[in-house]
1. Which pairs have Cβ atoms under 8 Å, sit 6 or more apart or on different chains, and link a residue in region 204-230 that is in contact (Cβ under 8 Å) with a residue 24 or more places away in the chain and basic (Lys, Arg) to one that is open to solvent by 30 Å² or more (accessible area, probe 1.4 Å) and within 16 Å of ligand 4 (Cβ to nearest atom)?
2. How many residues, within region 44-77, are closer than 19 Å to Ala308 by Cβ and either in contact with a strand residue (DSSP E or B) (Cβ under 8 Å, 6 or more places away or on another chain) or within 15 Å of ligand 4 (Cβ to nearest atom) (or both)?
3. In this structure, does Asn211 turn out to be at pLDDT below 95 and in contact with a Gly (Cβ under 8 Å, 6 or more places away or on another chain)?
4. Within region 231-289, count every residue that is under 22 Å from Glu115 (Cα atoms) and part of a helix (DSSP H, G or I).
5. Considering only region 49-84, state which residues are within 24 Å of Val128 (Cβ to Cβ), at pLDDT 95 or above and open to solvent by 10 Å² or more (accessible area, probe 1.4 Å).
6. Quick check on region 154-173. Is at least one of its residues open to solvent by 50 Å² or more (accessible area, probe 1.4 Å) and part of a strand (DSSP E or B)?
7. Give me the pairs, please: first residue somewhere in region 62-78 and under 30 Å from Gln18 (Cα atoms) and assigned by TED's automatic domain parsing to the domain that holds Ala308, second residue anywhere and within 16 Å of ligand 3 (Cβ to nearest atom) and assigned to a loop (DSSP other than H, G, I, E, B), beta-carbon distance under 8 Å, and either six or more positions apart or on two chains.
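The values are calculated or read from the model by the stated rules, or taken from the named source; none is laboratory data. All values reported here derive from a predicted model rather than from experimental measurement. In this analysis, Cβ positions are derived from the backbone assuming ideal geometry, glycine residues included, and neighbour counts consider all displayed protein chains. Calculation scope for accessible area: heavy atoms of the full protein, side chains included, ligands and nucleic acids excluded. Shrake-Rupley method; radii C 1.70, N 1.55, O 1.52, S 1.80 Å.
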Amino acid sequence: MTASEIRKSYWEFFRSKQHKIVPSAPMVVKNDPTLMFTNAGMNQFKDIFLGNNNPVAPRVANSQKCLRVSGKHNDLEEVGHDTYHHTMFEMLGNWSFGDYFKKEVIDWAWEYLTEVLKIDKDRLYVTVFEGNKEDNVDRDNEAADNWKKWIAEDRIINGNKKDNFWEMGDTGPCGPCSEIHIDMRPDEERAKVDGKSLVNQDHPQVIEIWNLVFIQFNRKANGELVPLPKKHVDTGMGFERLCRALQGKTSNYDTDIFQPILNKIAELTGFSYGNTEEVDIAMRVVADHVRTIAFSITDGQLPSNNKAGYVIRRILRRAVRYSYTFLNAKEAFMYQLIDALIETMGDAYPELEAQKTLVGKVIKEEEESFLRTLSTGISMLDKIIADTKSKNFNVVHGAVAFELYDTFGFPLDLTELILKENDLVVNREEFQAEMEKQKQRARNATAIETDDWQILQQDDREEFIGYDYLETEIFITRYRKI
Ligand code: ATP
Ligand code: MG
Ligand code: MG
Ligand code: MG
């Protein structure tokens, strides 16, 4: 099945279960000061769950454009390096607003995956919430008992609060969830190592595909959980991951969603995919990021110097950095990928074709402007190299490399690559110390977003806290609320 057919089959299936199919909300959130980008299908239904709004129908389903590059869900560092986290991705979802609950959602998820799509049952595992003393919540036996109708008991795995309990924020609607994972390893490997032990272990072939959330509690300000009078269901399935499973691939990028884009990148840069890891990572970064940027622009968010626009600009620059460093792309080229993107996603998202000229123009200008910055950085680096050599040193101060990074967006790997050609290295400890100082400054300046929604102080609203300071691979620090 093609990606388009898969998307449609999901809608058809849930339509047959009396769901109303609703459009994707914009990926860029304009009317909520606490959230910059849509990071899950349920975002647009927040007010329904909070009881402030009535649903258009008790059962709805859709495919939602999501972006996970800031706040609680920040997958940016993974993107390109792994093959199943994207910055922008589509989340297929179905919802019940006070209508059906665990039994139906579990039965339908199973029916859709194994009967409609005919996914091999022996490759599937499910998780259920193990319970939690502190909150006085028992194991989710209701979900487990339902699963037992379909799947052997030893494929039902207990999961902890981090993976299997969803909360909107410090207070508000919340509840246990149950996730479906798929094991795409070859048979020989599956015979050797039980897939069960690999679930939720970041194994690239044993991945989560669908999360079923059962919203049954309200967390009060004192931390206590009280049952909700009306229980809801919220599900989210990674569309690209589903396509990969159905198309029998070992990477999301090998599906028809990304192949035309990768082919075009190969054509434009002269590098081919599948030979060296560095090149492959860079090609995946470009293929992923160009989608994100194009969709942001069609949703009305141009790259800029603050807030959401700045995040988009940084994503574009990340793609330029990777292609400059590893694909030898010294001139703008990403703007020429739009047609390939339209080929893969244009039918579901006609805004791409409609705004194609604008998208191409904006991307080209951004690429060119950042390439100019890069070349200024390179001239500076040339002076640094000459200076270091004239003193007969072979180590460049970390603070100098940091300044290049901080002022010119010049990443350490690029600096090191250029220095290496001149038999020089950077003092990494010093660089790291500078980076730590920078992170500390950023942390002090603002609060870190940790929830799906957070009420920001008036003073904080102007400030973007994002991955800027977490960008260099060596210095990844993740903060996740447990
Ligand atoms: P993971 O553990 O793989 O990071 P998650 O638990 O953070 O996923 P959920 O918040 O449960 O993801 O989102 C629902 C579904 O969306 C996931 O089951 C997965 O299929 C998909 N998904 C989540 N993050 C991404 C991403 N960055 N790129 C592509 N698909 C994603
Ligand atoms: Mg995640
Ligand atoms: Mg997960
Ligand atoms: Mg999940």
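1. Once the first residue is in contact (Cβ under 8 Å) with a residue 24 or more places away in the chain and basic (Lys, Arg) and sits in region 204-230, its partners that are open to solvent by 30 Å² or more (accessible area, probe 1.4 Å) and within 16 Å of ligand 4 (Cβ to nearest atom) give Arg219/Glu167.
2. 13
3. Criteria not met by Asn211.
4. 8
5. Of everything in region 49-84, those that are within 24 Å of Val128 (Cβ to Cβ), at pLDDT 95 or above and open to solvent by 10 Å² or more (accessible area, probe 1.4 Å) turn out to be Arg59, Tyr84.
6. Yes: one or more hits.
7. Correct list of pairs: empty, since none qualify.
Residue by residue, here is whether (1) within 16 Å of ligand 4 (Cβ to nearest atom); (2) open to solvent by 70 Å² or more (accessible area, probe 1.4 Å) holds:
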| position | (1), (2) |
| --- | --- |
| Glu189 | no, yes |
| Gly195 | no, no |
| Asp202 | yes, yes |
| Ile207 | yes, no |
| Arg219 | no, no |
| Pro229 | no, yes |
| His232 | no, no |
